[in-house]
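**Student:** If you scroll down you'll find the structure; I have some questions about it.
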Amino acid sequence: MGEAASQARLLLAPLRPIGHGMRVAGPARTVRCRPGDNLALHHVIAAASPGDVIVADYGGSCDSGPFGEIMALACQLRGIAGLVIDGAVRDSAEIAAMGFPVFARGLDIRGTTKRDRGEIDIALEIGGVRITPGDMIVADADAVIVLPAAAARAALAAAEARAAGEARMMERLRAGETTLQILGLDKSD
């Protein structure tokens, strides 16, 4: 989707899936947490709607893990699509085994306090990208991408067209053509 949609914004923060094959797409439900405290995450989980992707600004901190197996189960039971956090999480093997998509900066087992309510449904900046509530989040092993909500339909159409074109290319490769031939790069100048 990132290459197909001109309005797609790529998060430059090193956020990666905590398990193989994780992917998620849905509207952003944003939260800002004070590093070392996870009360705001508890509040956003309670407030989120089915299909939401929680996007948490944890200040890039990997000094504690504010989100773990219990919170992942709470999210799953509420129909929350996944979590993107600019910070660390814990219980990664258990979360991966549950199949709950989490994209994080790192892992840390240390716990947190529960005193700061943080801020929910506010504009965030993560990895050089402004994320507002309702923006579409698309994440997989290659990237975390943000699309303005108004651009989502056009971006999906462009991504589907690109995927169809790539499928045709792969069929031509299987039929024996080279990428030089398919792309018209085999002509001498």
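The values are calculated or read from the model by the stated rules, or taken from the named source; none is laboratory data. None of these values were measured; they are calculated from a predicted model. Cβ coordinates were reconstructed from backbone atoms using ideal geometry, including for glycine residues, and neighbour counts include every protein chain displayed. In case anyone asks, the SASA skips ligands and DNA or RNA and just uses the protein heavy atoms, side chains included. Shrake-Rupley method; radii C 1.70, N 1.55, O 1.52, S 1.80 Å.
**Student:** Being at pLDDT 90 or above and either of a type in the set (D, E, K, R) or open to solvent by less than 40 Å² (accessible area, probe 1.4 Å) (or both) narrows it down to one residue among ALA5, ALA28; which is it?
**Tutor:** So the residue among ALA5, ALA28 that is at pLDDT 90 or above and either of a type in the set (D, E, K, R) or open to solvent by less than 40 Å² (accessible area, probe 1.4 Å) (or both) is ALA28.
**Student:** Additional query: When you go through GLY134, GLY165, GLY176 one by one, which is the residue that is modelled with pLDDT under 95 and part of a loop (DSSP other than H, G, I, E, B)?
**Tutor:** So the residue among GLY134, GLY165, GLY176 that is modelled with pLDDT under 95 and part of a loop (DSSP other than H, G, I, E, B) is GLY176.
**Student:** Within the group ALA81, ALA93, which residue is open to solvent by 60 Å² or more (accessible area, probe 1.4 Å), over 16 Å from GLN7 (Cα atoms) and at pLDDT 95 or above?
**Tutor:** ALA93
**Student:** Sticking with this one: How many residues does region 100-135 contain that are open to solvent by 50 Å² or more (accessible area, probe 1.4 Å) and under 14 Å from VAL24 (Cβ atoms)?
**Tutor:** 0
**Student:** A further question on this structure: Out of ALA56, ALA72, report the one residue that is touching a residue at least 12 places away in the same chain (Cβ under 8 Å), open to solvent by less than 60 Å² (accessible area, probe 1.4 Å), within 16 Å of the chain's Cα centre (by Cα) and farther than 26 Å from ARG9 by Cα.
**Tutor:** Only one candidate qualifies: ALA72.
**Student:** On to the next question. I'd like to verify a number: residues in region 136-165 that are under 25 Å from ARG16 (Cα atoms) and open to solvent by less than 90 Å² (accessible area, probe 1.4 Å), how many?
**Tutor:** 20
**Student:** For HIS43, all conditions in the list (1) assigned to a helix (DSSP H, G or I); (2) over 21 Å from GLU125 (Cβ atoms) hold save one; what is the number of the exception?
**Tutor:** Every listed condition holds for HIS43 apart from (2).
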